[in-house]
Structures are given as structure tokens and as C-alpha cells.
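See below for the structure under consideration.
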Amino acid sequence: MKYSKYITLFFLIFSLQSCSDFLEQEPGTQTSIDELLQNKQGVLTALTGLYTEVEANVRGERFAVYADLQGGNIKFTPTASGTNRGQISPAANLEQVYSFDDLALTSNFKSFYDGSYDIINQANLILEYTPALKDATEEEKKQIMAEAMTIRAYTHFLLAIVYSQDYNYSPDASHLGIIYNTKSIKTGIQYPARETASSTYSLIISDLKEAISNYSSNLVLSGSTYSYFNVNSAKALLARVYLQKSDWTNAYDTANDVITNSGVKLVEKDNYLAEWAKTDLPVSEILLEFSIPRDAEGTAGASMAGYFGYTSATIYNKYVASNDIVDLYESADLRKQLFLTQPLQTLVNGVLTPVNYNFTKKFQNNAGYVAFRLSEMYLIRAEAAYETNRADIAMADINIIRARANAALLTSTVNLKENILLERRKELCFEGHLFFDLARNHKNISRNDGCISTSCSVTYPSLKFVLPIPTFNTNLNPNLQQNDSY
């Protein structure tokens, strides 16, 4: 097998067909990497296309619902029509994963794995070509490289939490991490081996620190500023990485930096419900929400509503909140109002019966993928404060989130760690955190309401807390070690 030095337009910039004269070519033609990335405009075109692929990868069904589905926040709706009307079954794209029985040969996540390394390769190409640009200023080149490097770190991090056991799985994090690619595959085949978890996280952190040092206040891409990585969202990612690593001092300092210096403020209590109801804009405390794809007329092509949306009693999507999460909220908690309760015809003992289901209001209409928002930084700071013996600060941060939600305030630090994790589950539900929170805290999986899996409970530690590397990839790379049990 040999990698060409050419990449099809689809590979880098498939989403930009109406945006640049550069793309007005005959179908099937290929563009040399050297030609595409020889000037600033070509690099910016590639960077824009890279963001499009990142959005598709994280907003894609597999990853977008994975953490909440595995952790127990999500259950499935009944089939709306046809001969199977009223029957409940797992989503086809996640059936194996849902039962903690994904298969390497037919992995539900193969497209996520391949898409992630495609993104990393494209980021590396941009990093390799940008320094030689003659028509870009040094500040512009630094900004481009900062964004590409942050995307590289972000994508490696997502691969790490899906394919590698949590950082503290082994005492010194010497267990398998992931392959960390820092060079493109333009020049030929490479057969890298997986890093240890310790090395994986060191490389992620190193990339992020370098990126953060290069960000400027001048954006190089047009469009909504919240759709692109900047110094604040890169720091938010770094805070999350430190949290996952249990580096409590750095997690506290980095989250505190974002809270104190980003200029972003928490949504106010009186506006909390209205902010989530906005159709085309994210909540105002957003740090990063990738732009959803739109056609030339501005019509949204896909959004999170494709998984969580409700239109009518016969038009709705697959995923709803389980009572496991809904029942955690106090009656006065504003977040309890972020559920749309609707009766759906469901087969109960062979008879179609109206049964109530709770659709989240976070992701209706043209909802985008929430990558980072300020609430998470408060919750990271709280947990890090607790772990560094500052329980009073931790409780104060949790009470900021609870007061905003109109929930009862904590008055004691007893069981504070559990209350912090509970608040993360309630505040960040459906935003991709629960399963990873359970894993890093060495908690068991317990899925109750609506669980139709062959494995509704999984005890930590388990080899099934990570997914298999797809067989195609282990066959292609003889140095790519498969996860145990697969």
C-alpha cells in the first residue's frame, strides 16, 4: 500500500464547494497538497474544512450520545410507525457498543476512529506547511498553527478517553494509551505503536501549552467566533485534560483562569431556560460550539436535534432522557423544566399504550454540539478545590451552579465529592461527560430505567470500559496493539 502525495478535494475541503473559486473544478480532479497549501488562502480553506470535519466527528451519532448512553442518562424511544410501531430497540449504529459488546471486526465506532486520525493528519499538514507561507504575517501563522495544534490535541484526547482506560487505571499510567501522530502521512506509510497513557497525556498537554502561547486576539477565519478554538476554549480543553488526569492543582488553576479572564459570564438564572430555547444561537456562556453544516440557502443540514428532537407524536428521534437522570432534580430546579414530556405509543404487553417520554430541550431545532461552556469550568474548579483540601471553595462553586438552577444550596461539606459528581451529571447531561466521569472516578455503571442492554450494570474495573481498535486498523499497522479482551 502506498500513500500518494495527493489528496482529493473531499478529503480536506468537501464542505466548501460554494465558498471558493479554487474549488470550481471538474468532478474527480485531485489537488496537490503542495498546490493547496502554498499560500495563506489555501491554508485557511483547509483549516475551515478541518473544522467542518471536527464538527461532523463529534456531532456524529456515535460520539455525541456515547457518554450519556453508556452512563445511563439516555434510553430509546419506540418505533413511530410501520409494522414495528411501538417496539423499542437500540440504535443500529450503537447496538454493540450499548451492550458493552463492540466487536473489533465490525466495530460501531470504526468511522469515529478513522475520522479522528484523518483529522489529525490534516492538522499535521497545516502545521507542516504554514511556517513557509510567504503571504501571511508571523501573527497570522502563529494563530493558524495554534488552532491546528489545538485540534490535534483535542482529537487525540477524544481518542484517548474512548480507546484507553482512565489515566489512573494503573498506578503510574503505564497502561496503553493511543497512537499520537505529530507528522502527516504525506510522505509514506508509518507504523507507530501506542504510547502509554502517561505519555499520551503529556503529549496532549504539551501541544495545548504550545498552542495557547501562540494565540492572538486576531482571528484568521470569518464567521461566529464561538465556532473556532481560541485561547479561552483551548484553556478550557486543557482544564478538562488536567481533570481527566487528576492533576488537581493545574485543573484548578486553568479552570480558574478561564472563569476569571475569559470575559464569558454564566447565564443568569432568569435567562437559563430561554437561553437553551434559542434556535440558531448557543447559550451565551458558550466557550466553543462548532458551526452546524448549512447549504447555500442557509438551511441547516444536520444538528443535535437529529438525535434528541421532537416534532410530533409520530415524528421524533431516537434518544430521550431516562428517569435515572430526570428523577435526580428537585421539583423547583429550573433544569427539570428542560425536559419536554410527551406520550408516545409503546407496546406494553403486546398492546399499544401511551407512555410518557422526556425529550431534552437542550437540543431541539438547530442545536449545535456543545464542546465547552463556562459551567463546566466551575465544576472542574470545584472538584479540583475539593481534591486539594479546599472544601469551602468547592462548596461555594457548587452553590453558584445550584443557585442559578434554583436548587437547594449545600450547607455541609459531608459527601461533597459525591455532590460534585451529582451536580456534573445534572448540569452537563447530554453534553458528553457522564461515562467518562464514572470511569475516571472508578465508579460502576448502573443503568436502570429503560435499559434494554444485555449488560445494564458493569463493575469497575472492566476491560469493556474501552472500545476495540477496529480490525482493519490493527491489520494495517502491525505495531498497533489491540485492547485486551478484544
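The values are calculated or read from the model by the stated rules, or taken from the named source; none is laboratory data. Since this is a predicted model, take the numbers as computed values, not measurements. Here the Cβ positions follow ideal geometry from the backbone for every residue, glycine too, while neighbour counts run over all protein chains shown. Note: accessible area is taken over every heavy atom of the protein model, side chains too, but ligands, DNA and RNA are not part of it. Shrake-Rupley method; radii C 1.70, N 1.55, O 1.52, S 1.80 Å.
Is the range 253-365 rounded, prolate or oblate when judged by the Cα gyration tensor, a ≥ b ≥ c being the square roots of its eigenvalues, rounded requiring a/c under 1.5 and prolate requiring a/b larger than b/c?
Oblate is the answer for the range 253-365, as a/c is 1.5 or above yet b/c matches or exceeds a/b.
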Karplus-derived HN-Hα couplings along the range 54-69 (A = 6.51, B = -1.76, C = 1.60, θ = phi - 60°), whole Hz, x at Gly and Pro: 4, 4, 5, 5, 7, 7, x, 3, 4, 6, 4, 10, 3, 5, 6, 5
Local net charge near Asp253, Cβ-Cβ under 15 Å (Lys/Arg +1, Asp/Glu -1): +1
Amide H partners (placed H, <5 Å) of Asn483, local residues excluded: Ile469
Vicinal HN-Hα couplings computed from phi for the range 385-390 (Karplus, 6.51 cos²θ - 1.76 cosθ + 1.60; Hz; Gly/Pro x): 5, 4, 6, 10, 6, 10
Amide H within-cut-off set for Thr196, under 5 Å, with H built and near neighbours excluded: Gly177
Helix axis angle, 231-245 relative to the chain longest principal axis, alpha carbon, degrees: 60
Area of Asp392 that stays accessible when all protein chains are in place (1.4 Å probe, Å², to 10): 110
Solvent-accessible area of His175 with every protein chain in place, 1.4 Å probe, in Å² to the nearest 10: 30
Qualifying aspartates and glutamates (Cα of each under 14 Å from Cα of Lys318; at least 8 residues distant if same chain): Glu61, Asp68, Glu95
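For the chain, what percent of Cα pairs sit more than 41 Å apart?
The share of Cα pairs beyond 41 Å in the chain comes to 17 percent.
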Accessible heavy-atom area order of Cys451, Cys429, highest first, probe of 1.4 Å: Cys451, Cys429
Violating pairs (Cα-Cα greater than 26 angstrom) within the set Lys336/Lys417; Lys40/Lys209; Lys75/Lys269; Lys186/Lys235: Lys75/Lys269; Lys186/Lys235
Under-5 Å amide H pairs with Phe339, H placed in peptide plane, nonlocal only: Lys361
D (Stokes-Einstein, µm²/s), Kirkwood Cα radius, the range 31-128, 1.567 mPa s at 4 °C: 80
J(HN,Hα) series, the range 451-462, from Karplus relation 6.51 cos²θ - 1.76 cosθ + 1.60, nearest Hz, glycine and proline x: 6, 10, 7, 6, 10, 7, 10, 9, 8, 7, x, 9
Å² of accessible area per residue within the chain, as computed with a 1.4 Å probe and no ligands counted: 41
Expected 222 nm ellipticity per residue - DSSP helices of 4 or more, -39500 (n - 2.57), all of the chain, to 500: -13000 deg cm²/dmol
Global form of the range 380-432, assessed from the alpha-carbon gyration tensor, a/c cut-off 1.5: oblate
Tensor-based shape of the range 270-319 (alpha-carbon gyration tensor, a/c under 1.5 rounded, otherwise prolate or oblate): oblate
